[in-house]
Amino acid sequence: MSLERELAEEERDQAIRDLIALDEQIRAGEVPPGPAQLLRSEYERAAADALARLDSLPAQPSGSRRARRGARTRALAYLGTVLLAAVAALVILPDSVQQRPQNGFVTGNEVMQSTSGMPMPMPSAAPSLPADADAAATALWIQANVELFQRNDPEAALRTLDQLQQRPDLSASARQDVAALVDTARRELRKAGR
């Protein structure tokens, strides 16, 4: 695209923007009718002059400079985004990722840690309450297992298991499982000397 065509297009676009802004100012009461008509005539004449110049210029080739410049800008923006993502993946991400603890999980950047050393490993085949246990009993059972095996807190596990034993609706097989876990918690307390 020639410089002359580019200038004529910019003048045409500016005159159209000025006409639109003038209409908004007239509606808002910012410009009185007399000066508004003078401004409208001036902006319309500028747009007409720019259009006449554009008509007199030879047709622009299909691969105009503005189109090439726009494509180049989009390509550079895309490349910049890809480079930024690569830097984030290589620099920031490795510092944020942590190893998954054995028998545990990572939530965000927090890792479950115990103040009294490493937690005991969960038994590979921990007994589960029978299917007829209600949701509250199952929740207490899970809480006791977490307290004993993950938090290494047999005292808390015994308190939770005591609540579970107090439930009148617990089946005989569930009571056996609870008693076995109580024995395990008491052994752990003796090992710790408590």
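Of the helices (runs of 4 or more DSSP H) lying entirely inside segment 80-194, those carrying at least 2 residues that are exposed (fewer than 12 other Cβ atoms within 10 Å of the Cβ) and modelled with pLDDT of 85 or more are 172-192.
If you go through segment 1-49 and pick out every residue that is in contact with a helix residue (DSSP H, G or I) (Cβ under 7 Å, 6 or more places away or on another chain) and more than 28 Å from residue 59 (Cα to Cα), you end up with 6. Criterion applied to 30, 44, 4 was being farther than 24 Å from residue 70 by Cβ, in contact (Cβ under 8 Å) with a residue 12 or more places away in the chain and of a type in the set (D, E, K, R), and the one residue passing it is 44.
The values are calculated or read from the model by the stated rules, or taken from the named source; none is laboratory data. This structure is a prediction, so every number in the text was calculated from the model and none was measured. Neighbour counts run over all protein chains shown; Cβ positions are idealised from the backbone, glycine included.
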